[in-house]
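Every number here is computed from the coordinates shown, using simple stated rules; none is lab data. Quick caveat, the model's predicted, so the values are computed rather than measured. Methodologically, a virtual Cβ is constructed for each residue, glycine included, from the backbone with ideal geometry; neighbour enumeration extends over all protein chains shown.
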Amino acid sequence: AVVPGRQSNCALSVFRPLVQRFCPDKAATRIMMDFSIDGLIAAPFTPMKENGEVNLPMIDPYVDCLVSQGVLNTFVCGSTGEGASLSMAERKMVAERWVSAGKGKLDNVIVHVGGVSITDSQELARHAESIGASAIATLPTCVFRPNSGMQVAEQLQIIGASAPNLPLFYYHLPDMTKVNIMVEDLLDALDTVTVPTFRGCKYTDYNMMDFGRCLIHSDGKYSMFYGRDEQNLCALAMGAKGFVGSTYNYAGKIYNRMRAAFDKGDLEMARKEQHMSQHFLWTLFQHGMDIGLNKYVMTMTSGLEMGPPRPPMQRRSDEELAKIKAKLQACGFFDSVK
């Protein structure tokens with residue numbers, strides 16, 4: 001598939017071990033600064049069996065499903081992947097399977113390593129580096145929370161040091177973490193707190209002023225991945241290139257068509273695709289969109305059984321799911337994702 005805006009880091013993955021072996025001090029800095037993604041990054045669901053166990057074999061066809069939509073990058077074990085509901089051992093197994101299943105098919109596998117404990121994040125970061133992940137990302141600790149950009153920078157410094165050869169991204173998700181910093185303040189703090197592997201941010205918030213100022217911070221040296229699928233086109237207009245989202249799992253073709261139209265200057269068509277995204281998302285929002293409902297949509301569209309979410313998220317009744325499916329059918333959703 002021709003992927004609009006695609007910029008691959010495949011060469012980095014192939015040559016990283018050689019570069020690090022023969023010039024280790026310079027290798028990390030060069031790799032961090034060269035790492036960027038121009039295009040869609042799916043935040044995959046973690047497939048579960050009916051008994052709640054992780055269904056690792058389902059990840060192999062999942063990779064093929066993403067590739068068939070022109071989605072060649074993943075952000076695993078984040079909020080969509082129920083990382084906070086997985087054990088340390090499960091998170092490692094899921095990351096390993098995505099890396100192995102994606103070899104030769106995906107451009108990048110970013111592993112989320114954030115958690116309640118900094119030491120757990122350090123362990124997950126070391127593990128991600130050991131299995132050949134492309135990059136790592138982390139939420140702030142969200143029980144004992146940092147309350148400033150400087151404190152977030154200090155956490156990133158500790159975690160980044162545990163994977164010195166991987167690009168590191170901050171995961172900004174204030175709706176869930178309640179860490180309501182301005183990310184621009186974090187970038188300012190990084191002028192003082194040295195984090196050599198820091199590459200940018202997964203920005204999942206609606207503050208377009210903060211996002212826009214981060215895009216141009218330090219002459220645009222940071223990669224800012226936007227994380228609100230329903231505002232993808234707004235972020236494109238601001239200058240965003242990379243996008244992380246849950247609906248790219250099953251609606252990647254909508255967003256790739258949007259990007260292709262935008263790149264051609266066809267704003268009318270780009271708006272049409274964004275409106276379709278907003279239409280089906282509004283239907284899901286009206287039914288309290290959560291991971292369980294999103295997994296159901298993925299199963300319907302792909303034929304891959306995602307299984308139930310883990311508690312406290314709940315399964316929906318068959319009656320409610322039938323109503324949702326009828327609404328999605330009526331708005332043309334299923335035709336739009338083919």
Starting at the first residue of segment 81-89, write each ³J(HN,Hα) from the Karplus equation 6.51 cos²θ - 1.76 cosθ + 1.60 with θ = phi - 60°, in whole Hz, x for Gly and Pro. x, 6, x, 5, 9, 9, 6, 4, 4
Taking the Cα centre of each part, how many Å lie between segment 61-84 and segment 99-140? 13
So for R0 = 51 Å, FRET eff. of Glu320-Lys221 from the Cβ-Cβ r, to 0.05, ends up at 0.65
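Kirkwood hydrodynamic radius of the chain from all distinct Cα pairs, in Å?
So the Kirkwood estimate lands at 20.1 Å.
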Extended-chain gain in nm, criterion 0.36 nm per residue less alpha-carbon gap, Asn207 and Lys105: 33.3 nm
Rg and Dmax [Cα atoms of segment 175-233; Å; Rg one decimal, Dmax integer]: 11.6, 35
Taking only the alpha carbons of segment 85-125, what extent do you get along each of the three principal axes, in Å, biggest first? 33, 15, 15
Heads up, segment 26-175 by the C-alpha gyration tensor (a ≥ b ≥ c square roots of eigenvalues; a/c under 1.5 rounded, else a/b over b/c prolate, else oblate) looks oblate
State, in angstrom, two size descriptors of segment 263-338 derived from its alpha carbons: Rg to one decimal place and Dmax to the nearest whole number. 14.1, 45
Sequence-distant or interchain residues sharing an amide H contact under 5 Å with Phe75, placed H: which? Ala42, Ala43, Ile110
If one builds a Gaussian network model of the chain from Cα atoms under 10 Å apart, the most fluctuating residue listed among Asn207, Asn232, Asn294 is Asn207
Quick one: 3J(HN,Hα) in Hz for segment 150-158, Karplus 6.51/-1.76/1.60 with θ = phi - 60°, rounded, Gly and Pro as x. 5, 5, 5, 4, 5, 5, 4, 4, 5
What per residue convex hull volume, in Å³, do the alpha-carbon atoms of segment 141-298 yield? 131
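Calculate how large, on average over all directions, the projected area of the Cα convex hull of segment 35-116 is; give the answer in nm² to one decimal. Let's see the in-between values first.
Working: hull surface 22.4 nm².
Value for segment 35-116: 5.6 nm².
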With 5 Å bins from zero, work out the P(r) of segment 82-170 over every alpha carbon pair and list the percent per bin. 3, 15, 28, 24, 17, 9, 3, 1, 0
